[in-house]
Amino acid sequence: QVQLVESGGGLVQAGGSLRLSCAASGSIGRINYMGWHRQAPGKQRELVATITTGGSTNYVDSVKGRFTISRDNAKNTMYLQMNSLKPEDTAVYYCKAGTVGVGYWGQGTQVTVSS
């Protein structure tokens, strides 16, 4: 099993920044990718960004140039730096980690961007 704990959410004005963290523990040796997803009220959960063990990253078009995903393997922690936040970024942000066929989720952290 893998346990994931997110932190860093909060309320910020449009144009502001937040940094989310996701600390992993447990059987982390089996993880070969990590990523951030988000779910806004009344909408489906969507993929925001992913990062592989080798450091390759991928972003949904709506956050490219504004969000940066990174990981510190020594600390077993993944980050999402969010800049130039917009009201439409408001959502619960979830950390996900896993390997082929197996995925683990964190409990989520709320991000609210006011206009």
Which members of the range 46-104 meet the condition of being part of a helix (DSSP H, G or I) and surrounded by fewer than 18 Cβ atoms within 10 Å (Cβ to Cβ)?
Asp61, Ser62, Pro87, Glu88
Output the qualifying pairs, or none if there are none: Cβ atoms under 6 angstrom, residues six or more apart or on different chains, first residue in the range 87-99 and closer than 17 Å to Gly54 by Cα, second residue of a type in the set (Asp, Glu) and in a strand (DSSP E or B).
none
Count - residues of the range 11-26 that are surrounded by 13 or more Cβ atoms within 10 Å (Cβ to Cβ), in a strand (DSSP E or B) and touching a residue at least 60 places away in the same chain (Cβ under 8 Å):
6
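For every residue, the table says whether it meets (1) farther than 19 Å from Gly8 by Cβ; (2) in contact with a helix residue (DSSP H, G or I) (Cβ under 9 Å, 6 or more places away or on another chain); (3) at pLDDT below 95.
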{"site": "Arg19", "(1), (2), (3)": "no, no, no"}
{"site": "Ser27", "(1), (2), (3)": "yes, no, yes"}
{"site": "Ala49", "(1), (2), (3)": "no, yes, no"}
{"site": "Thr52", "(1), (2), (3)": "yes, no, yes"}
{"site": "Gly55", "(1), (2), (3)": "yes, no, yes"}
{"site": "Phe67", "(1), (2), (3)": "no, yes, no"}
{"site": "Lys75", "(1), (2), (3)": "no, no, yes"}
{"site": "Gln81", "(1), (2), (3)": "no, no, no"}
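The values are calculated or read from the model by the stated rules, or taken from the named source; none is laboratory data. Note that the structure is a prediction, hence the values are computed from the model and not measured. Cβ atoms come from the backbone with ideal geometry, glycine included; neighbour counts cover every protein chain shown.
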